[in-house]
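Here the structure is laid out as structure tokens; the discussion comes afterwards.
The values are calculated or read from the model by the stated rules, or taken from the named source; none is laboratory data. This is a predicted model, so every value here is computed, not measured. When we count neighbours, we look across all protein chains shown, and the Cβ atoms used for this are built from the backbone with ideal geometry, even at glycine. Ligands, DNA and RNA are excluded from the accessible area calculation, which covers all protein heavy atoms including side chains. Shrake-Rupley method; radii C 1.70, N 1.55, O 1.52, S 1.80 Å.
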Amino acid sequence: MTITASGVRVPGYLQDPRRWPLVESWDALAAGAHRARPDDAGDAVPPYVARDHDALLRERLTHAAQRGGLVLVVGESTAGKTRAAHHAVRRCEALAAYRVLAPDTGPDLVVAVEVVAITSVRCVVWLDDLERFLTPDGLEAGVLADLVRLRTPVMATMQLRHYDTF
């Protein structure tokens with residue numbers, strides 16, 4: 001099956017939402033978390049260390065799952081933003097049966113939103129390093145408005161230096 005959106009061919013990895021990872025089994029490394037030295041069991045991702053803002057992140061994700069919206073985690077480089085955001089997505093009960101849409105580029109995000117609209121797939125959009133998607137052909141106000149209309153939550157991370165710039 002080949003899906004086209006607005007006359008643009010949809011990249012293969014976005015074609016079939018049933019192939020997007022399920023939230024419940026989504027891997028931290030696939031989300032962009034930094035690899036650690038493997039432990040004795042060979043695990044490159046150490047156990048998650050709870051953070052003060054974990055409950056707030058899950059609360060905001062729950063709200064975004066109900067109404068659509070963007071949840072943004074901002075912090076210094078290698079401060080644990082991706083790991084905390086990934087943990088929040090995995091532990092948010094409202095997202096239990098969702099899939100993860102993780103586009104590679106801004107243009108892929110725009111096309112993926114049309115795939116979500118066509119298929120009505122329940123997913124969370126994962127935008128690690130949000131600044132990569134804030135381009136004229138990427139995440140603009142209209143794209144975010146479409147995601148809100150579709151009641152699709154967006155989880156994003158951004159380094160503080162980029163946040164200050166934008």
Probe 1.4 Å, protein heavy atoms only - accessible area per residue of the chain in square angstrom: 55 Å²
Angle in degrees between helix 106-119 and the longest Cα principal axis of the chain, rounded to the nearest 10: 70 degrees
Helix 54-67 sits off the longest principal axis of the Cα atoms of the chain, rounded to the nearest 10 on a 0 to 90 degree scale, by 10 degrees
Which distance in nm do the two modelled labels at Thr165 and His53 give, with both placed 7 Å along the Cα-to-Cβ direction? 2.0 nm
Note, Ala55: beta-carbon cut-off 13 Å, +1 each Lys/Arg, -1 each Asp/Glu, net 0
Give me the number: length gained by fully extending Ala36 to Thr119, i.e. 0.36 nm times residue separation minus the C-alpha to C-alpha distance, one decimal in nm. 26.2 nm
With springs connecting C-alpha atoms under 10 Å apart, model the chain as a Gaussian network and identify which of Ala50, Ala28, Ala88 has the largest mean-square fluctuation. Ala50
Modelled label-to-label distance, Val148 and Thr105, 7 Å Cα→beta-carbon offset: nm? 2.8 nm
Qualifying trypsin sites (Lys or Arg not before Pro) for region 70-166 [loop in DSSP, other Cβ within 10 Å: at most 11]: none
At a 1.4 Å probe, what is the % contribution of carbon and sulfur to the accessible area of region 1-140? 50 percent
